[in-house]
Structure formats: C-alpha cells, structure tokens
Amino acid sequence: MRQDDWAEFISASPGTSAGRELRLYAVYGSDDGLNQGQVRELLALSAEGMDYIAGMAERGALDDASVEILKQLREIAVHIETETRAAEGIHRQICLYARNIQASIDDLSAQPELYERIIRMEIRPFVLEMKRLWELCTEVLPSEEKRALYRADVMERVKALHDAPPKVWRYDVSIVLLAYNKLEYTMRALESILAYTDFSKGNIELILLNNGSDDGTRAYFESIPHAKVMNLRHNILGTYAYTHILEGKYFVGFSNDVVATPHWLEHLLACMESDARIGTAVPTCNEGSISNGQGIPVPYTNTFEGMAEMQRFAAAHNQLNPALWEEHSQLMPFLHIVRCDLVRFCAADPVFTRAEFVDDDLSTLLRRSGWRQLLLKDTFMHHFGGVTLGEGRRKVAGNALDEMRRVYYKKWGMDAWDGRGGFPGAEVMEQWHTPSANESVLVLEPRFGDFACELFNSYRRGGFVPHMTAAVFDERYLPDTGYLFDETLTATRVEEVAAQSEGGYNIISAGCYLDELPLKDVIADLERLYALLAPGGMLLLPVRNAGSAYELDYILHKGLRDVYVLENEVRSYVSIPYRQLLNALHTHAFLHQLKTYSVIFRSDLPLTERMKPLLRSNEHLPIDVEESLSVRMFFLGIFRDAK
C-alpha cells in the first residue's frame with residue numbers, strides 16, 4: 001500500500017480507543033465481531049502496513065503514519081486474539097501470534113531504540129505468519145478439493161526449483177538457534193556455535209530465536225553481539241516465523257540441545273554444494289539420542305561433564321570423506337541444513353497440529369519432488385536429545401503419535417512406517433556381496449526406498465555408484481523413486497518385470513517381504529528373477545516368518561498381520577511357509593545355492609518365552625519350532641555361478 005493510501009486509512013479521527021475501534025469497523029458497519037472475510041482483509045492491511053513500516057525503519061526513523069499503523073495493528077491483534085482465544089489447532093497458533101504481536105508492540109513502546117530490530121525480526125514476521133495460517137485454515141483446509149489443489153501446487157513449486165535461475169543471497173548461511181527454556185543447554189549450544197563456526201568472512205548470519213522462554217534466555221540472547229534476535233513472549237510449538245527473515249542461501253536449523261564440533265559447517269556446506277539436487281543434509285550424532293539409523297556409538301557420557309571428551313572424539317572423527325555421505329529416504333533433523341528456497345515451501349503442513357510426523361511429511365515432499373536427503377557419517381555433532389521440543393510436547397495431552405500417523409496416512413494414502421521399505425540386518429548385503437565398479441541393482445517394490453538406499457550406500461562406501469533400477473507394483477509408491485533410481489519399471493506381476501528387463505543385474509532385492517510381492521508362482525518367479533542375474537549375481541530377498549511369536553501375537557490380538565489400516569479398511573494377506581520354501585530351494589536344480597541370515601528382535605524374546613509352553617503340548621510340531629518363534633524374519637540369498 002502506498003504511503004498516501006495508509007495516510008487515508010489512518011486519517012484524523014478521535015484518538016480514543018473507541019475512535020480507533022470505530023475506524024476498524026467502519027468498513028464493515030458492525031461491532032458484533034469479525035467474520036472470516038473481515039479478518040482476512042484486516043490481515044492483508046496489516047501485512048501491507050508492516051511493509052511500509054519496515055521500509056521506514058530501514059531509513060532510520062518511524063514517522064507519524066508508522067506510529068498510527070502500529071496502534072491500529074495492536075487493535076487488530078487484540079480482536080483476532082479475542083476471536084480465536086478458545087480455538088484449537090491452527091486457530092490456536094493464530095491466537096498466539098496475535099498475542100506475540102501485542103507483546104512486541106508493547107516492547108517497542110518501552111524500548112524505542114530497538115524499533116528496527118523489533119519491527120524487522122518480530123512484528124513483521126509474526127504478522128506474515130499469522131496471515132499465512134489464517135488463509136490456510138479458512139480458505140484451504142476446510143475443503144478436501146482445495147487441500148488437494150494446495151498440496152499439488154506446493155509439490156509443483158518445489159519441483160520447479162530444480163530449474164530455477166540462480167538467486168543472489170546476502171549470506172551463504174542463515175543459522176537459526178531455537179530455544180525454549182533450558183538456558184543451561186542453550187548457553188552450551190551457542191558457545192559451541194561461536195567456538196566452531198567461522199564468522200570472520202561475514203557470510204553467515206546468526207539468528208537467535210527465543211520461543212517463549214521464561215528462564216533468562218531472552219536476556220542472554222540480547223547480550224550476544226552481532227546476532228539477530230527474535231523474541232516470542234508466548235511459546236508457539238512448531239513456529240515458522242523465522243522463514244520470513246532468512247537471507248542465506250542455506251538455512252541451518254540448530255536446536256538448543258545440540259553442540260557444535262570442529263568443521264561441522266564446512267562439511268555440511270561441502271555436501272550441499274557438491275550436487276544441485278541435494279535438498280537437505282544432516283550430521284550424525286550419538287546413537288542414544290537419535291533413531292532412523294542416524295547415530296553412531298560414542299565413548300563418552302551424554303552429560304555436560306562428558307563434553308570435553310566429546311570434542312576430542314569429534315575432532316578425530318570429523319575428517320571430510322564424501323564416501324561416508326549416505327542417501328536416505330527420509331531424515332530426522334535434530335540439526336539440518338536446507339536450501340533456503342526450499343525452506344519457504346517446507347513449513348510444516350498445518351494439519352500436523354501436534355509436532356509428530358512433521359519430519360516424515362517434509363521428507364516425503366522432498367523425496368517425491370526429486371530432492372536428495374543425505375546423512376553425513378563423516379561429520380559428528382552431539383545431541384543431548386529432547387530438550388527443545390520436549391518442553392512443549394509435555395504440555396500436550398493424548399497420543400500424538402497415533403493421531404498424527406493417521407493424519408499422514410490420510411494425506412499421502414500410505415503409512416509413514418510400513419512404507420519405509422527397510423529392514424534390520426541390512427549389513428548382510430556386504431557380507432554376501434562385494435561391490436565393484438559398473439554394477440547394476442534391481443529393487444522390487446522399493447516403496448520409500450530405505451533398503452534401496454542401504455544398497456546404494458554400500459556401493460558408495462566402496463567408492464562406486466551402481467546403476468539403480470526400481471520395479472514398482474503398487475502405483476502409490478511410483479512418485480518415490482525419482483530421487484534415487486536411474487530407471488523405473490512398472491508392472492502388476494513379477495513375471496512382467498522379467499519380460500521388460502534385459503537382465504544383467506548384480507543384485508536383485510526388494511523393499512518388501514517376499515509374501516508381499518505379486519507372485520504368480522513362488523518358485524517359477526524366483527527362477528525368472530534368477531535368470532535376470534549377471535554371472536556371480538545375488539538374489540537378496542527379505543522373508544517374513546509367519547510363525548514367529550511377534551506375528552502370532554499380532555494375529556491373536558488384532559486378527560490381522562502387523563499392517564497399518566484405518567478402522568474401516570479391510571485387507572487380505574498371504575503367507576509363504578518358510579520351511580516348504582527352503583525345502584523346495586534345496587532340491588532345486590539351480591536355486592539351491594543359497595544362504596539365510598536370521599533377524600531376531602530383542603524385544604520379542606519375552607513374548608517368545610511366554611509362548612513356548614503352549615507349543616510343548618503338541619508333539620507333532622517341527623523340531624525347530626521353539627527356535628523359530630524368536631526369528632521374526634530372515635534374508636534369503638540365492639547366488640548365481642560366476643561362470
């Protein structure tokens with residue numbers, strides 16, 4: 001809005017609160033509250049007004065129009081807070097942004113010398129984020145059709161960034177340290193950033209985000225020279241207000257339970273700059289504070305007292321080695337570096353109202369739009385675990401995991417966990433096959449690609465890049481192949497894959513159990529796959545043990561296999577009896593060269609012991625039945641002669 005327009009908007013009228021309220025409602029002719037359209041218009045006016053004020057602040061002063069706009073903005077924030085005070089979900093976030101706007105305007109009145117920072121770092125981004133959320137919850141989310149259109153638009157925009165022209169950024173990196181109480185951890189995190197990050201070139205901006213702390217975090221942040229500070233008086237779990245102020249080519253999200261180490265940022269930057277298709281990367285950390293296979297064993301304690309030893313360990317560990325950069329289908333970003341142009345599209349989908357499965361959702365967006373996600377095993381940082389979000393999550397009642405898992409399933413049409421396509425015990429692939437140059441890999445039904453990534457990473461560690469082919473049977477997973485595979489086949493049966501492919505694969509594997517593949521005849525289809533192997537090649541197939549204690553217990557209590565379904569969904573499943581399978585293979589003319597690798601879950605052992613007495617009453621059971629109870633699955637390797 002032009003200055004003249006704003007001058008007209010705030011033109012002379014009584015200076016009392018009643019007078020301001022009259023101007024606020026004059027365009028609507030009512031004082032009975034605001035409807036959605038009126039709030040939308042007020043938020044649009046507020047955003048335009050903040051653009052005007054920000055421009056004035058950059059010139060070093062606030063004029064009378066700016067002061068009056070701020071008064072009007074505070075009134076608008078009061079009314080929006082009133083309208084949304086009793087709401088839940090996204091409306092609750094809107095209410096909290098309205099409260100934070102009021103608090104920041106009050107701070108501005110008390111500390112006018114900070115007007116440029118408070119306007120640019122707080123009020124303006126709060127207004128923009130509140131406006132974004134309001135538009136989503138009133139114009140997009142109420143309609144299934146509009147939700148689908150919105151998500152499709154986001155997907156296309158994220159895909160389009162692959163071909164976007166280069167942009168000039170003010171900084172190379174924007175580091176955002178997020179803190180919610182736990183000052184002792186925050187101080188440790190910030191001290192490590194300052195100690196192990198080279199700010200001397202002026203190419204890194206440091207943003208300190210205090211998300212509603214009441215333990216001295218605000219004063220501590222404001223004492224740090226050269227840092228940019230954003231204060232929220234009221235905590236907002238999952239705030240994305242910072243996305244409106246980033247000026248770096250890359251964004252680093254740094255939680256206050258993380259400790260920086262030597263060369264951490266140099267390594268992350270080297271990775272991001274190595275391939276324009278990399279969307280995000282994370283370092284490794286102590287395995288007790290992370291899941292998803294992202295951690296490593298460490299020799300020190302997860303305490304403040306253990307940090308000196310941790311830094312010695314990290315200094316020896318952090319040696320740049322791209323062979324240790326691992327491809328992943330998704331990542332848990334306790335700390336991550338992301339392209340800033342992606343961050344602007346990757347704010348959490350507001351349907352994930354309780355923090356859980358936000359990482360799964362973001363990884364799905366990146367994976368399906370062709371962006372690579374890397375775990376840097378050559379770069380170690382310490383993670384205390386559960387400090388930044390833990391405070392906020394403890395205030396949320398109910399089972400957020402179950403609720404948000406269902407939200408993910410309804411959004412993407414598949415389960416976040418069942419769809420991973422990974423298995424424990426993947427180390428067997430390197431025991432049974434030594435990667436070499438110019439090899440080809442075929443993965444049947446890779447799903448999200450966890451096991452396919454394990455295969456790819458085993459080659460990478462050896463200094464090789466295999467040719468990766470996916471064979472997709474379930475079309476729901478077709479969009480999940482582009483980030484990793486060089487070629488994708490589609491089929492409805494395994495025999496169709498054999499007909500489409502010229503063969504010559506060194507490894508043929510699967511991202512699902514053997515009984516989940518569309519097999520017409522188990523042995524005949526294994527023969528077809530065997531024929532596609534190169535000399536010396538290997539079939540590496542995960543096989544479920546339908547007679548394991550885990551499977552039997554699940555069927556007993558749930559009436560179905562351990563597969564995620566909604567309450568009104570009905571699914572059928574098949575089983576492949578492993579004893580008959582192995583007997584048939586042992587006597588087969590050429591499939592008899594095989595190995596098995598059993599996988600036992602420690603968590604299944606108590607259940608196994610409870611079931612054993614039930615089996616002992618039947619003298620006709622196989623001799624190995626008790627041992628079989630503990631084996632949830634095994635890998636079946638079938639090998640072709642090298643001749």
| Sorted by mean Cβ packing within 10 Å, highest first, what order do the peptides 134-146, 529-541, 362-374 take? | 362-374, 529-541, 134-146
| said: Can you compute log10 of I(q)/I(0) for the stretch 525-612 with the Debye formula, treating each Cα as one identical point scatterer, at q = 0.10, 0.19 Å⁻¹? | reply: -0.39, -1.01
| said: I'd like the antiparallel share, as a percent to the nearest 5, of DSSP beta bridges with both residues in the chain. | reply: 40 percent
| note | Taking the stretch 297-358, the equivalent ellipsoid from its C-alpha gyration tensor has semi-axes in Å, biggest first, of 31, 18, 11
| said: If each DSSP helix of 4+ residues adds -39,500 (n - 2.57) and the sum is divided by the residues in the chain, what number results at 222 nm, nearest 500 deg cm²/dmol? | reply: -12000 deg cm²/dmol
| query | Given the Cα-Cα distance of Ile523 and Asp63 and 0.36 nm per residue of separation, how much length would full extension add, in nm? | reply | 157.4 nm
| request: With semi-axes √(5λ) of the Cα gyration tensor in Å in mind, check (i) 56, 30, 23; (ii) 52, 27, 24; (iii) 56, 34, 20 and report the label derived from this structure. | output: (ii)
| field | Set of aspartates and glutamates with alpha-carbon distance to Lys595 below 17 Å, sequence-local pairs under 8 removed | value | Glu427, Glu430, Glu527, Asp641
| task | Read phi for every residue in the stretch 40-51 and hand back ³J(HN,Hα) as whole Hz from Karplus 6.51 cos²θ - 1.76 cosθ + 1.60, θ = phi - 60°, with x for Gly and Pro. | result | 4, 5, 5, 5, 5, 4, 4, 5, 5, x, 5, 4
| query | Where the centroid of each part is defined by its Cα atoms, how far is the stretch 33-77 from the stretch 203-282 in Å? | reply | 27 Å
| query | Ordering Asp521, Asp63, Asp480 from largest to smallest accessible area (1.4 angstrom probe), what's the sequence? | reply | Asp521, Asp63, Asp480
| said: As I understand it, the value is the acute angle between the Cα axis of helix 522-531 and the longest principal axis of the Cα atoms of the chain; what does it come to in degrees, rounded to 10? | reply: 80 degrees
| request: Compute the acute angle (0 to 90°) between the alpha-carbon long axis of helix 64-84 and the principal axis of greatest extent of the alpha-carbon atoms of the chain; round to the nearest 10°. | output: 50 degrees
| remark: For the chain, the per residue accessible area (1.4 Å probe, Å²) is 44 Å²
| request: Quote the charge dipole size of the chain about the Cα centre in Debye, to the nearest 20; the model charges only the Cβ of Lys and Arg (+1) and of Asp and Glu (-1). | output: 480 debye
| Sorted peptide list for 423-432, 245-254, 319-328, 544-553, criterion being average Cβ within 10 angstrom, highest first | 245-254, 544-553, 319-328, 423-432
| query | Between the helical axis of 17-26 and the dominant principal axis of the chain, each derived from Cα atoms, what acute angle in degrees is found, rounded to the nearest 10? | reply | 60 degrees
| remark: In whole percent, the fraction of accessible protein surface over the chain that belongs to carbon or sulfur atoms, probe radius 1.4 Å, stands at 51 percent
| remark: The Cα radius of gyration of the stretch 174-234, divided by 2.2 N^0.38 Å with N its residue count, comes to 1.07
| task | Go through Lys410, Lys159 and list them by solvent-accessible area, largest first, probe radius 1.4 Å. | result | Lys410, Lys159
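The values are calculated or read from the model by the stated rules, or taken from the named source; none is laboratory data. What you see is a predicted model, and the numbers here were worked out from it, not measured in a lab. Positions of Cβ are backbone-derived with ideal geometry, glycine not excepted, and every protein chain shown enters the neighbour counts. Side chains are part of the model used for accessible areas, which takes the heavy atoms of the whole protein and leaves out ligands, DNA and RNA. Shrake-Rupley method; radii C 1.70, N 1.55, O 1.52, S 1.80 Å.
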